[in-house]
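Beneath this line is the structure, given in C-alpha cells, with notes to follow.
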Amino acid sequence: MGKYVVDSVNFLDFPAMMGFTLVVALAYVLINLAVTCCMRSWTADTLLIRRETPMSRNAEGSELLEEFRKQYAWQIRELQFTLKLLRRNPSAVEVLRSSSSWC
C-alpha cells in the first residue's frame, strides 16, 4: 500500500491519493472510538463507586456542611463584601491591603 501511495503522488493520481487519505482518516476514527469504548468500560466501575454516597444525600455530611456554614458565616460575609467592593472599585485593593489583617 505504501508503494502504491508513493506512485500515486509521483504520477498525480488524485483519486488514489484521496482514497488513501480516506482510509487513513477512517482508521484513525475507528481506533479512537475503540480506545474510548475501552477506557469507558474500564473506568465505569470507578465512576460508579464515586457516585454511591454524595455528601448532599448523606445526613452526616449535610450536618457537617451546616455546622461549617454557621462557624464561618462572618468570614463568608466579609469575603462577599470584599468581592462586591472590588467589583465596583478595582483600585480598592491597596485600601484593603492596608486595613485588613489577613493580607
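The values are calculated or read from the model by the stated rules, or taken from the named source; none is laboratory data. Computed from a predicted structure; not experimentally measured. Please note: Cβ atoms are built from the backbone with ideal geometry, for glycine as well, and neighbour counts cover all protein chains shown.
Quick rundown of the values:
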{"quantity": "Candidates LEU22, LEU79, LEU12, LEU30, filtered to the one that is in a loop (DSSP other than H, G, I, E, B), of a type outside the set (Ser, Thr, Tyr), at pLDDT 80 or above and out of contact with any Pro (no Cβ under 6 Å at 6 or more places or on another chain)", "calculated": "LEU12"}
{"quantity": "First in the range 14-37 and closer than 17 Å to GLY2 by Cβ, second anywhere and assigned to a helix (DSSP H, G or I), Cβ under 6 Å, 6 or more apart", "calculated": "ALA16/SER8; MET17/SER8; PHE20/VAL5"}
